[in-house]
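Here is the structure we will look at, set down as structure tokens.
Nothing in this text is a laboratory measurement; each read-out follows from the coordinates by a stated rule. Given the structure is predicted, the values throughout are model-derived calculations rather than measurements. For neighbour counting, all protein chains shown are included, and Cβ atoms are generated from backbone atoms with ideal geometry for every residue, glycine included.
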Amino acid sequence: MIFYFSGTGNSYATAQFLSDKLGEPIVDIAQATQRNETEYFLGENEKLGFVFPIYAWAPPKAVVDFVKRLNLHSEEQPYTFGVCTCGGSAGNAMDVLEDALKKKGIALDSGFSVVMPDNYIVMFKVKPLAKQEEILEEANETMERIAWAIEQEKRDFFRVKRGKGAAFLTTVIYPLFLRGGTKTKPFHVTSDCISCGLCEKVCTDGCIQMYKGVPRWMKEKCNMCLACANRCPKEAIQYGKRTKEKGRYIHPCWK
């Protein structure tokens, strides 16, 4: 069973790829959380996986919170793996997942990172399409190697691009991101909005509600997955002035 969290499709595509290769079902963490589903049963020889994006060099808070609430039933200790998708480096994100799982009595056997096109348009411009295609092609090759390692049940096997200053980035920058970088107040809609309601449907936090044809962010903070901004067909959702002229990114699997 593979649990995944995804805002713009990178981690979903990775989870689906591994599902196809390994014959494991996938579960959307965001949907499971909104439905308050926490109890799962693993079959004989069924593996346990977590696929998620990197937010400020750590797993999304929603992923860690889901692990904390997870009520997993298995007759044996499952082979457990983690895969993170990132625009560059992952920091010590896999350590965060490992610690959360350890508190549930689950050992993380392997961990991997896959470099994907970045979607964090609050800071970065979206890469040109040709560069995106190049990155995605390399990502597919990486996923092939990951699937092989998982199939072989490699243990104590970690292939994660941590980057420089990983400990500092995960232990210092990530908490700052949670404190100040996940506020919804800067989100606003331009006159380009066509009232399609897609933002409400794709929000991983159940945070958006349509009111008189335009979205409203109903929570002070959100997952900051940027699904609303990136997947808006008219690019009508902005985050202050920081997302203007940055482009938008969606993995091809969700286009």
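At 20 Å minimum axial length over the Cα atoms and a Kyte-Doolittle cut of -1.0, report the qualifying DSSP H helices in the chain, or say none. Could you put the intermediate results ahead of the total?
Details: long enough: 129-151 (32 Å, -0.49).
Within the chain the helices that satisfy the rule are 129-151.
Could you list which residues have their amide H under 5 Å from that of residue 159, counting only those 5 or more apart in sequence or on another chain, with H placed in the peptide plane?
111, 112, 113
List the aspartates and glutamates whose Cα sits under 13 Å from the Cα of residue 164, skipping any in the same chain fewer than 8 residues away.
By straight Cα distance, residue 164 reaches no aspartates and glutamates at all.
Each label point is 7 Å from the Cα along the Cα-to-Cβ direction; what then is the distance between the points at residue 219 and residue 172, in nm?
Result for the modelled spin labels: 2.9 nm.
Please compare each pair in 185/241; 21/47; 61/154; 201/255; 219/255; 47/104 to a cut-off of 18 Å on the Cα-Cα distance and tell me which ones are over it. Please list the in-between numbers first.
Values: 185/241 12 Å; 21/47 12 Å; 61/154 27 Å; 201/255 15 Å; 219/255 28 Å; 47/104 16 Å.
Long pairs (Cα-Cα over 18 Å): 61/154; 219/255.
What percent does the relative contact order of the stretch 65-122 come to when contacts are Cα pairs within less than 8 Å and at least six residues apart?
On the way: 58 pairs, mean separation 26.1, N = 58.
Across the stretch 65-122, relative contact order equals 45 percent.
Antiparallel as a % of all DSSP beta bridges within the chain, to the nearest 5? Please report the intermediate quantities before stating the final value.
Numbers: 8 of 32 bridges.
Percentage antiparallel, nearest 5: 25.
Mind sorting 251, 73 by how few other Cβ atoms lie within 10 Å of their own Cβ, fewest first?
On the way: 251 23, 73 8.
If I rank by nearby Cβ atoms, fewest first, I get 73, 251.
In what sequence, highest mean first, do 130-142, 235-247 appear when ranked by Cβ atoms within 10 angstrom? Don't jump to the answer; show the numbers that get you there.
Working: 130-142: 13.9, 235-247: 15.8.
Listed from highest to lowest mean packing, they are 235-247, 130-142.
What order do you get for 5-13, 145-153 when each peptide is scored by the mean count of other beta carbon atoms within 10 Å, highest first? Don't skip to the end; give the middle numbers.
Numbers: 5-13: 26.0, 145-153: 16.0.
Packing proxy ranking, top to bottom: 5-13, 145-153.
For residue 46, enumerate residues with amide H under 5 Å from its amide H, sequence gap 5+ or separate chain, H modeled in the peptide plane.
It is none; the list stays empty.
Over the chain, what relative contact order in percent results from Cα pairs under 8 Å that are six or more residues apart? Mind showing how you got there, number by number?
Numbers: 468 pairs, mean separation 54.4, N = 255.
Reported relative contact order: 21 percent.
Counting residues in the stretch 171-246 as N, plug N into 2.2 N^0.38 Å and put the Cα Rg over that result. Each step should come with its number before you reach the end.
Values: Rg = 12.4 Å, N = 76, 2.2 N^0.38 = 11.4 Å.
Normalised Rg, Cα atoms only: 1.09.
Per the helix-only calculation at 222 nm, which mean residue ellipticity applies to the chain, given -39500 (n - 2.57) for every DSSP H run of n ≥ 4 and division by its residues, nearest 500 deg cm²/dmol? Intermediate values should be presented prior to the final figure.
Values: 8 runs with 78 residues, N = 255.
Taking each H run of at least 4 residues, the total per residue is -9000 deg cm²/dmol.
With only alpha-carbon pairs counted, each pair once and no self-pairs, how large is the Kirkwood hydrodynamic radius of the stretch 1-118 in angstroms?
Values: mean 1/r = 0.0710 Å⁻¹.
So the Kirkwood estimate lands at 14.1 Å.
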